Amino acid sequence: MINATLYELSRALSTHEVSSAELTQLFIDRIHRLNPTLNAFITLDPQRSLEQARVADARIARGDSQALTGIPIAHKDIFCTKGWLTTCGSRMLSNFVAPYDAHVVERFQAAGAVILGKTNMDEFAMGSSNETSYYGPVANPWDRAAVPGGSSGGSACAVAARLAPAATGTDTGGSIRLPASLCGVSGLKPTYGVVSRYGMVAYASSLDQGGPIAKSAADLALLLNAMAGFDARDSTSLERQPEDYGRSLNEPLAGLRLGLPKEYFAAGLGADVARAIETAVAQLRGMGCELVEVSLPNTRLAVPAYYVLAPAEASSNLARYDGARYGFRATDYGDLREMYMHTRAQGFGAEVKRRILIGTYVLSHGYYDAYYLQAQRIRRLIARDFAEAFRRCDLIVGPTSPSVAFELGAKSDDPVQMYLSDIYTIGVNLAGLPGMSIPCGFGDKGRPVGLQLIGNYFEEARMLNVAHQFQNATDWHRRMPAETG
Amino acid sequence: MALSLDDVKRIAVLARLSITEAEARQALVELSGVFSLIEQMRAADTTDVEPMSHAQDVVLRLRPDIVSEPDQHELFQSVAPQVEAGLYLVPKVIE
């Protein structure tokens, strides 16, 4: 049951082979047993989850169910869940019980899914390894000495360790794709504007997107169908015709042109990762795809531009945390100014403070043009690179990460080393394109390797098609870490 | 553009983050590293390139100027550190 697809679980529920209450209890038991050494979850509320499961069971009995009714889903702790602690992995929100549901959570509730718990994450989504959380790092279930990737490390770990059949994540510079890659699971970041950000705590508003993490592309399609769609409460939500993201899953791949960006296969890519990617690409060629070399010449500017834009937006978004209306408030202060300064100094961790300082600097008087505007121009150059590439191919493929999971603590001393992990994922956020990662093998120390697929705007169905066909022909996505059996 | 210790302290004040002398020195080292990374993009030639803030060419939606949200201030203020008579309590600003 822990390895079942969402479709299989849905069928088992509707034929009464298992009840939602039993299914939910199964995952709760696994979490109690395995979470202490993984730290994938920050908040659990078994009573509440089981209550939701019973409601789902009643709905199934009435014949009123949908594909996700009764399915337990873990939510990254960045999504507001009404009545549940919503911490964003930060001391600043360690006492914040959300008074409302995020749009994404509302959609899952309407579908009858069960909230399994809130997953651990890098603080305010700032990080690539899930080591900056106030609640401690998450371990990689394939090797507990390694990081799971971040910032959605808890969600990716939970799915990989079979603690949850599906989870939500967010991706601003790679935070769904990178942990999916490092944990050997499938994750998708939609085109910017496809999933509403209402109730999804903001880090960098022009880059943030919520998306699903699961064991397969078919599962991702089901989840994306629930998550996507216009929401008037998010001013950047796009009004488009609703789509069935699973409609193209079974289309043959013959004739599809796959672009391989030469900059993604250059120095910096680990040899073990390169080998697994090459094998995956050969597999796709064998399935009828045509391989095309493309170029994204401004790739080297993506990380620097991102580390101007994202911190700038973060410095603005995190200005709201002042101890006045919600969240942590320092106890030692004299006047209002001190209340702000001490609350923020004590409430935020080191990485968050670092990015707030960078952002404040690049937006300050005299520096805005040279830094922020320049980064916005680079952003357009990067988007143009992708547009040009998509004239010559239908989809871009390559590595998600330059390496497999590294050791916990290995990159903590030098922020820049950590930032360079995002080299293949960041451009996708800058351009607002959809991106996915699926498992395609193993590298050094038996740690998973992820294949990244990048589509043109609104090409999620096509990306899911390629991923699904790849997963029909291979079994990397069915592997499970040994210690979690 | 080399960062100085005074820059760090000035930015910390702007960001309303109190910072000790030792923390400021540590931040200077780390931020200098990040700014070396950022310098790479400063050198790029972006003549005649328009800044891009959004992937899609969208316009901010407007709505009628009517009351559409219910009053939930009690619920929203239930999570506040200090509230009285619907007001958030903070240290006095004006003497």
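Can you compute the helix-only [θ] at 222 nm over chain B? Use -39500 (n - 2.57) per DSSP H run of at least 4 residues, normalise by all residues, nearest 500 deg cm²/dmol. Spell out each step's value before the answer.
Working: 3 runs with 37 residues, N = 95.
Roughly -12000 deg cm²/dmol at 222 nm, from the helical runs in chain B.
I'd like the distance separating the alpha-carbon centroids of region A:1-67 and region A:89-116, in whole Å.
First find each Cα centre; the distance between them is then 17 Å.
Step through the residues of region A:400-417 one at a time and calculate ³J(HN,Hα) from phi using the Karplus curve (6.51 cos²θ - 1.76 cosθ + 1.60, θ = phi - 60°), rounding each to whole Hz and writing x for Gly and Pro.
Computed from phi, the couplings for region A:400-417 are 7, 10, x, 9, 6, 4, 9, 5, 3, x, 5, 10, 5, 7, 10, x, 4, 4 Hz.
Sticking with the crude label model, points 7 Å out along Cα→Cβ, report the distance from A:A271 to A:A58 in nm, one decimal please.
6.2
What FRET efficiency do you get for A:D475 and B:E21 if R0 is 60 Å and r is their Cβ-Cβ distance, rounded to the nearest 0.05? If you can, show how the numbers build up before the last one.
Numbers: r = 57 Å, r/R0 = 0.95.
The pair A:D475/B:E21 has a calculated efficiency of 0.60.
Quick one: net charge around A:T299, please, counting Lys, Arg +1 and Asp, Glu -1 for every other residue with C-beta under 15 Å from its C-beta. Write out the running numbers ahead of the final one.
On the way: positive: A:K262, A:R300, A:R379, A:R380, A:R384; negative: A:E263, A:E293, A:D385, A:E388, A:D422.
Neighbourhood net charge equals 0.
How many Cβ atoms of partner chains, on average, are near each residue of A:366-378 if near means within 10 Å of its Cβ? All intermediate terms of the calculation are to be shown ahead of the outcome.
Numbers: counts 0, 1, 0, 1, 2, 6, 1, 2, 8, 7, 7, 10, 7.
What the average comes to for A:366-378 is 4.
Whole angstrom only: what separates the Cα centroid of region A:281-358 from the Cα centroid of region A:124-179?
After rounding, the separation between the Cα centres reads 16 Å.
Could you work out the helix-only [θ] at 222 nm for chain A, with each DSSP H run of four or more residues adding -39,500 (n - 2.57) and the total divided by the number of residues, to the nearest 500 deg cm²/dmol?
On the way: 15 runs with 181 residues, N = 485.
The helix contribution divided over chain A gives -11500 deg cm²/dmol.
Using label points projected 7 Å from each Cα along Cα→Cβ, tell me how many nm separate B:Q72 and B:K9, to one decimal.
Placing both labels 7 Å beyond Cα along the Cβ direction yields 4.5 nm.
What's the longest uninterrupted piece of chain B once you rule out the trypsin sites (Lys or Arg not before Pro) that are loop residues per DSSP with at most 14 other Cβ within 10 Å? Don't skip to the answer; put the middle values down first.
Numbers: sites that count: B:R61, B:K92.
It works out to B:1-60.
Under the definition of partner shielding as Cβ atoms of other protein chains within 10 Å of a residue Cβ, what is the mean value for peptide A:352-365? Could the numbers behind the result be given before it?
Details: counts 1, 6, 5, 1, 6, 13, 8, 2, 8, 12, 3, 1, 5, 1.
Per residue, the number of nearby Cβ atoms from other chains is 5 on average.
By its C-alpha gyration tensor, with a ≥ b ≥ c as the square roots of the eigenvalues, how is chain B shaped: rounded for a/c under 1.5, else prolate for a/b larger than b/c, else oblate? Write down the numbers at each step before the final one.
On the way: a/c = 3.53, a/b = 1.29, b/c = 2.74.
Judged from the Cα gyration tensor, chain B comes out oblate (a/c at least 1.5, b/c at or above a/b).
Extension gain A:D414-A:E251, at 0.36 nm per residue separation less the Cα-Cα distance, in nm? Each step should come with its number before you reach the end.
Values: separation 163, 0.36 × 163 = 58.68 nm, distance 4.54 nm.
In short, 54.1 nm is gained.
Note the angle between two axes, namely the Cα long axis of helix B:5-14 and the longest principal axis of the Cα atoms of chain B, as a number of degrees from 0 to 90, rounded to the nearest 10.
Computed tilt is about 20 degrees.
Can you give the local net charge around A:S65? Use residues other than it whose beta-carbon is closer than 10 angstrom to its beta-carbon, Lys and Arg +1, Asp and Glu -1.
Values: positive: A:R59, A:R62; negative: A:D57, A:D64.
Here the charged neighbours net out to 0.
By DSSP, what percent of the beta bridges with both residues in chain A are antiparallel, rounded to the nearest 5?
Working: 30 of 43 bridges.
In chain A, approximately 70 percent of DSSP beta bridges are antiparallel ones.
Each label point is 7 Å from the Cα along the Cα-to-Cβ direction; what then is the distance between the points at A:H32 and A:R48, in nm?
1.8
For region A:22-91, run through the trypsin sites (Lys or Arg not before Pro) and keep only the ones in DSSP coil with at most 13 other Cβ atoms within 10 Å of their Cβ. Write down the numbers at each step before the final one.
Values: sites: A:R30, A:R33, A:R48, A:R54, A:R59, A:R62, A:K76, A:K82, A:R91; in loops: A:R62, A:K82.
The qualifying sites are A:R62.
For region A:358-485, with the dipole built from +1 on Lys and Arg beta-carbon atoms and -1 on Asp and Glu ones, taken about the Cα centre, which of A:V397, A:N456, A:I426 lies farthest toward the positive end?
A:N456
Going through region A:1-98, which chymotrypsin sites (Phe, Trp or Tyr not before Pro) have at most 10 other Cβ atoms within 10 Å and a DSSP loop state?
Details: sites: A:Y7, A:F27, A:F41, A:F79, A:W84, A:F96; in loops: A:W84, A:F96.
Taking region A:1-98 and a limit of 10 other Cβ atoms within 10 Å, no loop chymotrypsin sites (Phe, Trp or Tyr not before Pro) are found.
So what's the angle, to the nearest 10 degrees on a 0 to 90 scale, between helix B:21-42 and the longest Cα principal axis of chain B?
70
Looking at region A:352-453, which trypsin sites (Lys or Arg not before Pro) are DSSP coil and have at most 16 other C-beta atoms within 10 Å of their C-beta? Please list the in-between numbers first.
On the way: sites: A:K353, A:R354, A:R355, A:R377, A:R379, A:R380, A:R384, A:R391, A:R392, A:K411, A:K445; in loops: A:R391, A:R392, A:K411.
Here the trypsin sites (Lys or Arg not before Pro) that fit, given the DSSP loop and packing criteria, are A:R391, A:R392.
Using a 10 Å cut-off around each Cβ of peptide B:20-33, what is the average number of partner chain Cβ atoms that fall inside?
Numbers: counts 1, 0, 0, 3, 0, 0, 2, 5, 0, 0, 9, 5, 0, 5.
For peptide B:20-33, the averaged partner shielding equals 2.
Any read-out appearing in this document is the output of simple, stated calculations on the displayed coordinates, not a laboratory observation. Owing to the predicted nature of the structure, the values given are computational and were not obtained by experimental measurement. Cβ sites come from the backbone with ideal geometry, for glycine too, and all protein chains shown count toward neighbours.
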